[in-house]
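Novice: First, the structure itself, so that you have it in front of you.
The values are calculated or read from the model by the stated rules, or taken from the named source; none is laboratory data. Because the structure is predicted, anything quoted here is derived from the model rather than measured. Here the Cβ positions follow ideal geometry from the backbone for every residue, glycine too, while neighbour counts run over all protein chains shown.
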Amino acid sequence: MKKNIVTLGGSNSKSSITKQLAEYTAGLLPDVELTKVDLNDFEMEMYSVDVENEKGHPKGAEDLNEVFDTADGFVICLAEHNGVYSVAFKNALDWLSRIENKVWREKPMLLLTASPGGFGGATLLNIALDRFPYLGANIIGSLAFPSFYDNFKDGEVVNEELKEKLVQLTADLSKAL
């Protein structure tokens, strides 16, 4: 039976570079089924303990949690907004952690960041590498992907060094599945 890999780009941009990179990277894995998550498909109001107490969990958060339940592994690529998570991703993460504290279910994960800048979201990657294990992340490998528009063209990684790193990361993830 094929393993189910959930991909998620940590942005709600319709042309999200993080979603593109997560899906590209997961596509390098052999013999898997991909479940491609778009945060825009899971409506959630802004997390607040008051909202949770008054209304419970939003349907979008419950639906996304169910998708995560089906995962054998994750390829997550985060967008860095002012050095931290995008609001859309952080809101989803907050809701998910209220439903299931181990959001990532101790499943194998590749954790990526991407940005148009030269650091590739490295500040956020360091934050996520520190915080995600508390939420049940089993991080097999990570990469900050810099200068997205120079290094990713026409749906492909054109920088050979970055491509080789992604190939190695997916090989490591494949072994961990």
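Novice: Sort out which residues of the range 57-86 are surrounded by fewer than 15 Cβ atoms within 10 Å (Cβ to Cβ) and touching a residue at least 60 places away in the same chain (Cβ under 8 Å), and write them in order of number.
Specialist: Thr70
Novice: So which pairs qualify, if the first residue must be in the range 127-147 and over 19 Å from Gln20 (Cα atoms) and at pLDDT 95 or above, the second must be assigned to a helix (DSSP H, G or I) and of a type in the set (Asp, Glu), the Cβ gap must be under 6 Å, and the two must be at least 6 apart or on different chains?
Specialist: From residues that are over 19 Å from Gln20 (Cα atoms) and at pLDDT 95 or above, the pairs are Ile140/Asp172.
Novice: Within the set of pairs 6 or more residues apart or between chains, which connect a residue that is within 17 Å of Ala22 (Cβ to Cβ) and modelled with pLDDT of 95 or more inside the range 98-118 to a residue that is in a loop (DSSP other than H, G, I, E, B) and acidic (Asp, Glu) with Cβ atoms less than 9 Å apart?
Specialist: Lys107/Asp72; Pro108/Asp72
Novice: Looking at Ser11, Ser16, Ser48, which one is polar (S, T, N, Q) and either surrounded by fewer than 19 Cβ atoms within 10 Å (Cβ to Cβ) or farther than 28 Å from Gly155 by Cβ (or both)? Write out each step before concluding.
Specialist: Numbers: Ser11 fails: either surrounded by fewer than 19 Cβ atoms within 10 Å (Cβ to Cβ) or farther than 28 Å from Gly155 by Cβ (or both); Ser16 fails: either surrounded by fewer than 19 Cβ atoms within 10 Å (Cβ to Cβ) or farther than 28 Å from Gly155 by Cβ (or both).
Within the list Ser11, Ser16, Ser48, the selection yields Ser48.
Novice: With a cut-off of at least 1 residues that are of a type in the set (A, V, I, L, M) and either farther than 26 Å from Phe42 by Cβ or out of contact with any Ser or Thr (no Cβ under 7 Å at 6 or more places or on another chain) (or both), name the helices (runs of 4 or more DSSP H) lying wholly within the range 68-177. Working first, answer last.
Specialist: Working: elements: 87-99, 122-131, 148-151, 160-176.
Correct list: 87-99, 122-131, 160-176.
Novice: Same structure, new question: Take the residues of the range 133-155 that are under 19 Å from Asn82 (Cα atoms) and among the hydrophobic types (A, V, I, L, M, F, W, C): which is surrounded by the most Cβ atoms within 10 Å (Cβ to Cβ)?
Specialist: Phe145
Novice: Also, I was wondering about something else. Can you tell me which of (1) among the aliphatic types (A, V, I, L, M); (2) assigned to a helix (DSSP H, G or I); (3) touching a Cys at 6+ places or on another chain (Cβ under 8 Å) is the one Val51 doesn't meet?
Specialist: The one condition Val51 does not meet is (3).
Novice: Find all pairs meeting these conditions: Cβ atoms under 6 angstrom apart; at least six residues apart or on different chains; first residue within the range 2-15 and more than 11 Å from Leu39 (Cα to Cα) and part of a loop (DSSP other than H, G, I, E, B); second residue of a type outside the set (D, E, K, R) and at pLDDT 95 or above.
Specialist: These pairs meet every condition: Lys2/Val32.
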